[in-house]
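As structure tokens, the structure follows; a few thoughts come after it.
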Amino acid sequence: MTMKRRRFIQTISASAAMPAILSMSEPQKSSLPGSGDIVVASTWDFKLPVNETSANVLEQGGSLVDAVEQGIVVVENDPSVTSVGQGGFPDRDGHLTLDACIMDSEGNAGSVMFLEGIEHPISVARKVMEQTPHVMLAGEGALRFAVGEGFRERSLLTENARKAYKEWLTSSGYNPPVGKENHDTVGLLVRDGEGRLAGGCSTSGAAWKMRGRVGDSPIIGAGLFVDNEAGAATSSGLGEAVIKIAGSAIIVELMRQGVPPEEACAEAVDRIFRRQPRYRDDPDFFVGFLALRKDGAVGAIGSRKGFQYSLYSGGTNRVIDAPAFRR
């Protein structure tokens, strides 16, 4: 065992009275999938059809990128989801802005941020990846590109979102809360039958955010990172905290060094608390990480109880309570 690996184990391990990982329930252990098995993992419980959609695309001969895009579109299409796509809550000025990114098995990536009026930002991010020499497009430029690619511009703010915004203006002032009801990015990681990896993220960001705010979701290396030699990771929660440690990239690099997915996620949470100690005692603070290793092993950690992920593996789709981290 290398000195670096030993230090890592010591960091996330603690005494029996103060375990580093506090499970919500009995750990859900499963054997590794078969070499030809499809694995789909996504943050939260955005209805199991998200994973099923991605798996079906692959089973019917679709590409990895098709599987990522179409799985995320399921969430973007759902107006009941108030943190992704057309159901998202607006910023503090009443505008709904969307962010998304996608990354394939070859290391190609596309991202859009601060995009308004286009219902499927994940699809625009894919176009950026496939049709331009760039990785990121933002704001007016992203919208102009989307319209030029044939996407239809329209108003996306739902009546539910308008009502919530009006209520927030009278009760909350300009202090956007970030907590368990205001962080639900959808992050999706996919492994096909040949062991290739891809992933994507989509969000409307923190409700009532400052105009122009962008979180971690569309940032390659923060909200999403895919390296076909090692694994893939994604995040949810307070994006500013994730950005400051390049959370998803850190997790993938730890998996490259042989650290199991769950431990790699735990190290990312621990690094946030060590580098940004003000979050330790903040009851509203939350981050969660989800990782998929090259061989199909999956792990996740939430900074506190409540983080869930959906996992399709071995033909079975289920929602799992992720363990909670505690120093």
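Evaluated against (1) in a loop (DSSP other than H, G, I, E, B); (2) over 20 Å from the mean Cα position of the chain (by Cα); (3) among the hydrophobic types (A, V, I, L, M, F, W, C); (4) buried (at least 21 other Cβ atoms within 10 Å of the Cβ), F46 falls short on exactly one condition, (2). Beta carbons closer than 8 Å, at least 6 apart along the sequence or on distinct chains, pair a first residue in segment 252-267 that is farther than 15 Å from G296 by Cβ and crowded, with 20+ Cβ neighbours inside 10 Å with a second that is at pLDDT below 95 and among the small types (G, A, S) for A266/A20.
Of the residues that make up segment 319-326, is at least one under 22 Å from I72 (Cβ atoms), in contact with a strand residue (DSSP E or B) (Cβ under 8 Å, 6 or more places away or on another chain) and surrounded by fewer than 17 Cβ atoms within 10 Å (Cβ to Cβ)? Looking for residues that are under 22 Å from I72 (Cβ atoms), in contact with a strand residue (DSSP E or B) (Cβ under 8 Å, 6 or more places away or on another chain) and surrounded by fewer than 17 Cβ atoms within 10 Å (Cβ to Cβ), one finds at least one in segment 319-326, hence yes. Restricting attention to segment 88-124, the residues that are buried (at least 24 other Cβ atoms within 10 Å of the Cβ) and aromatic (F, W, Y) total 1. Right, T82: surrounded by fewer than 20 Cβ atoms within 10 Å (Cβ to Cβ), within 16 Å of the chain's Cα centre (by Cα) and either within 26 Å of R191 (Cα to Cα) or not small (G, A, S) (or both) or not? Against the criterion (surrounded by fewer than 20 Cβ atoms within 10 Å (Cβ to Cβ), within 16 Å of the chain's Cα centre (by Cα) and either within 26 Å of R191 (Cα to Cα) or not small (G, A, S) (or both)), T82 qualifies. Looking only at residues in segment 197-247 that are among the polar types (S, T, N, Q) and either touching a helix residue (DSSP H, G or I) at 6+ places or on another chain (Cβ under 9 Å) or not in a loop (DSSP other than H, G, I, E, B) (or both), the one that is nearest to G107 (Cα to Cα) is T234. Taking segment 75-180 as the region of interest, the helices (runs of 4 or more DSSP H) fully inside it that hold 1 or more residues being in contact (Cβ under 8 Å) with a residue 60 or more places away in the chain and of a type in the set (S, T, Y) are 159-171.
The values are calculated or read from the model by the stated rules, or taken from the named source; none is laboratory data. Predicted model only: the values in this text are computed from it and were never measured. Glycine also receives a Cβ, built like all others from the backbone with ideal geometry; neighbour counts cover every protein chain displayed.
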